[in-house]
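Asker: Below is the structure I would like to discuss, written out as structure tokens.
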2 protein chains.
Amino acid sequence: MFELDLRSRAPIYEQLAEKVKELIIHNVLKPDQQLPAVRVLAGELTINPNTIQKAYRELENRGYIYSVPGKGSFVKPAETGINVIRLQDLEKELEKIVTEMLYLGVRPQEIITRIKRQLSKSADKGGPHHD
Amino acid sequence: MFELDLRSRAPIYEQLAEKVKELIIHNVLKPDQQLPAVRVLAGELTINPNTIQKAYRELENRGYIYSVPGKGSFVKPAETGINVIRLQDLEKELEKIVTEMLYLGVRPQEIITRIKRQLSKSADKGGPHHD
DNA sequence: CAGGTGTACTAGGTCATATAATACAGTTAG
DNA sequence: CTAACTGTATTATATGACCTAGTACACCTG
């Protein structure tokens, strides 16, 4: 279910958290859907349960999942508590990327075009689910 | 000249490389301009020269600077060898950010607006210098 | 030659990461 | 209730990246 690079400088728990986050964002993992149990996923990925646990804890701290002792870990619906700080971080990252693209010679019009293409591509898959 | 966070999980040499890269991208450091010598910068930042060297090496590998033994390290002009791989990475990052912004409830029109604002802000400072 | 530059190497310390082995408490199906 | 599942916590240990310290060599320039 997940492909991890054990040689990467990025920690395993961070890679895993990133993968799960992407599945949530792309709506592959639906709200309130149960995630694989830490021991099960540990067995499948041949990774220590503690490492899985660390990834899940990180995802919980960032507001993407919630865990219930005895029951399991589940995808947290996006509506509850929109993360303003995370949006500011994304804004800064976006700024960096656009600036570097300009530096590398990409024309402004080209940047706009690509983003619009991306927007129409993501619209149907993982768009927001406002009530 | 540089502000580093010694407590951050991000390595010092990575932080430094990122800072220098941003100065280059924003055209604060001009093409072929000499960078501070490794020992000098090490003294100013109270950091081991080896760490500075590591940051410079990384910048050289990524194509942002070039070093000449005996002379110094200098800003590499952007035109020579446009990094296609780097552009693909930026494209992927851009895709991730846009997707996550949508997930967090930002409207597509709002994303376009912010990027256009960013484009006009960067245009005068660090735009490409085509011959 | 003297003093600057980049670069390379070894040695040692620190800390995050990952593993291993237990352990405990809550939930749930039988 | 019992068994088997869940998340969570703890301790111990090993590994590797990171950083420092010190030294050394080759190159360039006034």
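Asker: Among the listed residues B:GLU44, B:GLU22, which satisfies the condition of being away from DNA strand D (no atom under 11 Å from the Cβ) and free of Cβ contacts under 8 Å to residues at least 40 places away in the same chain? Walk me through how you get there before you give the answer.
Answerer: On the way: B:GLU44 fails: free of Cβ contacts under 8 Å to residues at least 40 places away in the same chain.
One residue alone meets the criteria, B:GLU22.
Asker: Could you tell me whether A:LEU16 is touching a residue at least 24 places away in the same chain (Cβ under 8 Å), within 10 Å of DNA strand C (Cβ to nearest atom) and open to solvent by less than 50 Å² (accessible area, probe 1.4 Å)?
Answerer: In short, yes.
Asker: Hey, another quick one. Within segment A:70-78, is even one residue farther than 18 Å from A:VAL20 by Cα and either out of contact with any helix residue (DSSP H, G or I) (no Cβ under 7 Å at 6 or more places or on another chain) or not aromatic (Phe, Trp, Tyr) (or both)?
Answerer: yes
Asker: So, in segment A:40-95, how many residues would count as being outside any helix (DSSP H, G or I) and of a type outside the set (Val, Ile, Thr)?
Answerer: Count: 18.
This table checks each residue for (1) exposed (fewer than 15 other Cβ atoms within 10 Å of the Cβ); (2) away from DNA strand C (no atom under 16 Å from the Cβ); (3) at pLDDT 95 or above; (4) among the hydroxyl-bearing types (Ser, Thr, Tyr).
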position	(1), (2), (3), (4)
B:LEU6	yes, no, no, no
B:PRO11	yes, no, yes, no
B:GLU22	no, yes, yes, no
B:LEU29	no, no, yes, no
B:GLU44	yes, no, yes, no
B:LYS54	no, no, yes, no
B:ILE65	no, no, yes, no
B:GLU79	yes, yes, no, no
B:LYS96	no, yes, yes, no
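Asker: So, in segment B:3-29, of the ones that are touching a Ser or Thr at 6+ places or on another chain (Cβ under 9 Å) and part of a loop (DSSP other than H, G, I, E, B), which residue ends up nearest to A:PRO11 (Cα to Cα)?
Answerer: Step by step, filter segment B:3-29, then rank; the result is B:PRO11.
Asker: All but one of (1) more than 20 Å from B:LYS92 (Cβ to Cβ); (2) within 16 Å of DNA strand C (Cβ to nearest atom); (3) surrounded by fewer than 14 Cβ atoms within 10 Å (Cβ to Cβ) hold for A:SER73; state the number of the condition that does not hold.
Answerer: Condition (3) is where A:SER73 drops out.
Asker: Can you say whether A:VAL84 is in contact with a helix residue (DSSP H, G or I) (Cβ under 9 Å, 6 or more places away or on another chain) and either more than 18 Å from A:GLU18 (Cα to Cα) or within 13 Å of DNA strand D (Cβ to nearest atom) (or both), as far as the supplied structure shows?
Answerer: no
The values are calculated or read from the model by the stated rules, or taken from the named source; none is laboratory data. Given the structure is predicted, the values throughout are model-derived calculations rather than measurements. All Cβ positions, even for glycine, are placed from backbone atoms using ideal geometry, and neighbour counts span all protein chains on display. All accessible areas refer to the heavy atoms of the entire protein, side chains included, with ligands and DNA or RNA removed. Shrake-Rupley method; radii C 1.70, N 1.55, O 1.52, S 1.80 Å.
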